[in-house]
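J.: I am attaching a structure below and will ask some questions about it afterwards.
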Amino acid sequence: MTGKIKIIVIGGSAGSFNVVRKILLSLPADFPVPIVLCLHRLKDVKKGFVESLNLNSKLKVKEPEDKDPVKPGYVYLSPANYHLLIEPTHNFALSTEDNINFSRPSIDITFDSAGYSFRDKMAGIILSGANGDGARGLYNAHINGAFTVVQDPKDAQFNIMPGETLKLFTPDKILKEDEIVEFIKSLRINTYV
């Protein structure tokens with residue numbers, strides 16, 4: 001990694017919740033890098049997911065509102081049935097445009113916009129999932145300089161999402177879930193400036 005990571009963006013679908021839970025349980029309350037979770041979820045279920053994640057996290061988990069700034073000390077979860085983008089001003093934008101890869105939120109859109117906005121100050125991580133959403137977005141973030149991590153398909157509960165990503169490019173790291181947790185914890189030394 002060439003510079004300090006200012007944002008961690010994690011994409012996942014089927015089979016990713018336990019990895020996300022492990023990550024959140026492992027991080028201290030003063031973890032300085034904001035985390036954005038773009039996870040496929042049921043579009044009609046508006047309650048319960050944030051609350052469940054907050055039970056497993058010392059950091060505050062919240063769904064961002066349109067134009068909220070990205071701030072350290074938070075875990076941001078893409079709201080149900082909205083695409084979540086990060087603007088060059090480092091503010092969130094919500095969109096109800098058409099589904100991408102049968103998904104809204106689309107992991108591709110979140111990775112792509114975060115990679116464009118944060119470039120080499122972003123770490124992007126793709127987890128277990130049963131479709132290819134996120135592969136193209138993480139590739140685009142990689143082209144823009146992001147540090148990229150793909151869950152080892154042999155370690156993923158559903159290997160399609162990481163497998164599709166590895167067909168497009170070679171990421172900086174391919175890690176098992178416990179190694180992903182340790183990698184994220186290691187980013188603590190990179191303070192948000």
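J.: Restricting the search to the range 50-71, which residues are of a type in the set (Val, Ile, Thr) and assigned to a strand (DSSP E or B)?
T.: The one that is of a type in the set (Val, Ile, Thr) and assigned to a strand (DSSP E or B): VAL61.
J.: Now a separate question. How do the strands (runs of 3 or more DSSP E) wholly within the range 72-146 filter down when requiring 3 or more residues that are of a type outside the set (Val, Ile, Thr) and either in contact with an Asp or Glu (Cβ under 9 Å, 6 or more places away or on another chain) or crowded, with 24+ Cβ neighbours inside 10 Å (or both): which remain?
T.: In the range 72-146, the matching strands (runs of 3 or more DSSP E) lie at 83-86, 92-95, 122-126.
J.: Just for the range 165-193: of the residues that are of a type in the set (S, T, N, Q) and at pLDDT 95 or above, which one is nearest to ILE125 (Cα to Cα)?
T.: Only one residue tops the list, namely THR165.
J.: So, in the range 152-174, how many residues would count as being polar (S, T, N, Q) and either more than 10 Å from ALA130 (Cα to Cα) or in contact with a strand residue (DSSP E or B) (Cβ under 7 Å, 6 or more places away or on another chain) (or both)?
T.: 2
J.: Among the listed residues ILE143, ILE125, identify the single one that is touching a helix residue (DSSP H, G or I) at 6+ places or on another chain (Cβ under 7 Å) and among the β-branched types (Val, Ile, Thr).
T.: ILE125
J.: Regarding ASP98, is this residue free of Cβ contacts under 8 Å to residues at least 40 places away in the same chain and closer than 24 Å to PRO28 by Cα?
T.: No: the conditions fail for ASP98.
J.: Let me ask something else about it. Of the residues that sit in the range 47-59 and are closer than 20 Å to ARG104 by Cα and loosely packed, with under 13 Cβ neighbours inside 10 Å, which one is modelled with the lowest pLDDT? Give the derivation first.
T.: Pass one, the range 47-59, residues closer than 20 Å to ARG104 by Cα: 47-50, 53.
The next check asks that each one be loosely packed, with under 13 Cβ neighbours inside 10 Å; those that pass are 47-48.
Numbers: LYS47: 66, GLY48: 70.
The residue in question is LYS47.
The values are calculated or read from the model by the stated rules, or taken from the named source; none is laboratory data. As the structure is a computational prediction, the values presented were derived from the model and not from experiment. Because the Cβ atoms are built from the backbone with ideal geometry, glycine has one as well, and the counts that use them run over all protein chains shown.
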